[in-house]
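Some notes on the structure that comes next.
The values are calculated or read from the model by the stated rules, or taken from the named source; none is laboratory data. Being a predicted model, the structure only gives us computed values, none of them experimental. Counting neighbours? That spans all protein chains shown, and the Cβs are built from the backbone with ideal geometry, glycine included.
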Amino acid sequence: MSFSLFDQAQRTSIFIMNTVEQQLHINMTQQDIHQCIIETAKKNGSTGWLRPPLVRISTKTGIQRLQKGNILQIHIQPVFENVFGSVGKTISFQTEPDHIVEQAKELCLATCTFANRRKCIGELFVFAHSWCTNHRVELEHKKNIGHRCFSKEESSWFWPYSARALSILRRHQVQWFNPRRMEGIFAIHPFIERYELFAGFAEMIYVSEEKRVLIGRDSFDELGR
């Protein structure tokens with residue numbers, strides 16, 4: 001029940017992300033893009049946000065309006081009636097992907113495929129941290145790279161703030177010292193930085209004894225699309 005609801009919510013979140021991407025144009029500000037996300041999410045059934053949308057334009061010129069070649073990072077966690085989605089994407093606007101964008105996508109894919117029921121939650125963080133060290137980039141968030149996900153049924157009081165409160169508890173975070181076995185639904189978002197440029201992708205995974213699934217996708221090959 002919970003898996004199917006999260007899968008549907010994640011597919012809607014991906015649709016919201018792709019719709020917003022199609023509406024991007026030169027000279028948009030971060031606030032313009034943020035407003036576009038809010039309006040698009042509302043039109044597609046979102047009732048709020050687990051956390052406010054992240055919109056970040058990384059530029060070597062310091063101009064905070066979207067220009068050709070800018071690196072744009074977006075991460076959204078829209079809330080629906082009983083569950084929420086979590087999807088993040090980084091693009092090189094109107095150009096071929098910058099190297100850091102490709103690295104961010106590779107890191108997210110590698111982290112998601114590393115997860116399985118026999119791993120501890122903390123091992124994912126250690127893996128992502130080591131990956132960044134080996135590829136000479138910095139892991140932006142030094143405390144965690146994701147969290148376990150809870151539905152309204154699992155956190156019924158004061159939804160969705162109850163789900164957010166649970167997600168920030170250390171025992172539910174994908175962080176260094178979490179020895180608990182991976183099982184359930186997790187939001188994974190290992191963001192990176194290099195020379196004041198930021199990039200990151202975010203996905204949701206389901207891990208059980210039998211399988212590991214990228215929620216909202218038909219296969220791992222679709223990550224970041």
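Laid out as a table, the results:
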{"item": "Some residue of the stretch 8-18 being of a type outside the set (Lys, Arg) and either touching a Cys at 6+ places or on another chain (Cβ under 7 Å) or in a loop (DSSP other than H, G, I, E, B) (or both)", "result": "no"}
{"item": "Complete set of residues in the stretch 45-101 that are surrounded by fewer than 19 Cβ atoms within 10 Å (Cβ to Cβ), of a type in the set (S, T, N, Q) and within 16 Å of residue 8 (Cα to Cα)", "result": "47, 82"}
{"item": "Single condition residue 215 does not satisfy, out of (1) farther than 20 Å from residue 15 by Cβ; (2) touching an Asp or Glu at 6+ places or on another chain (Cβ under 6 Å)", "result": "(1)"}
{"item": "Answer residue from the stretch 72-85, given it is touching a helix residue (DSSP H, G or I) at 6+ places or on another chain (Cβ under 7 Å) and modelled with pLDDT of 95 or more and is nearest to residue 215 (Cα to Cα) among those", "result": "85"}
{"item": "In the stretch 122-145, the residues that are touching a residue at least 60 places away in the same chain (Cβ under 8 Å) and either touching a Lys or Arg at 6+ places or on another chain (Cβ under 9 Å) or more than 11 Å from residue 174 (Cβ to Cβ) (or both)", "result": "132, 140"}
{"item": "Test: residue 91 is within 27 Å of residue 165 (Cα to Cα), at pLDDT 95 or above and among the β-branched types (Val, Ile, Thr)", "result": "no"}
{"item": "Given (1) farther than 23 Å from residue 203 by Cβ; (2) modelled with pLDDT under 95; (3) part of a helix (DSSP H, G or I); (4) not hydroxyl-bearing (Ser, Thr, Tyr), number of the condition residue 39 does not satisfy", "result": "(2)"}
{"item": "Residue 130 being more than 16 Å from the chain's Cα centre (by Cα), at negative phi and modelled with pLDDT of 95 or more", "result": "yes"}
{"item": "Qualifying residue in the stretch 188-203 (condition: touching a residue at least 12 places away in the same chain (Cβ under 8 Å), surrounded by 15 or more Cβ atoms within 10 Å (Cβ to Cβ), over 21 Å from residue 71 (Cα atoms) and under 12 Å from the mean Cα position of the chain (by Cα))", "result": "no"}
{"item": "Selected residue (only one of 167, 208, 155 is of a type outside the set (Val, Ile, Thr), modelled with pLDDT under 95, within 16 Å of the chain's Cα centre (by Cα) and farther than 22 Å from residue 105 by Cα)", "result": "167"}
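Residues checked against (1) touching a strand residue (DSSP E or B) at 6+ places or on another chain (Cβ under 6 Å); (2) in contact (Cβ under 8 Å) with a residue 24 or more places away in the chain; (3) surrounded by 20 or more Cβ atoms within 10 Å (Cβ to Cβ):
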site: 10; (1), (2), (3): yes, yes, yes
site: 20; (1), (2), (3): no, yes, yes
site: 24; (1), (2), (3): no, yes, no
site: 35; (1), (2), (3): no, no, no
site: 38; (1), (2), (3): no, no, no
site: 41; (1), (2), (3): yes, yes, yes
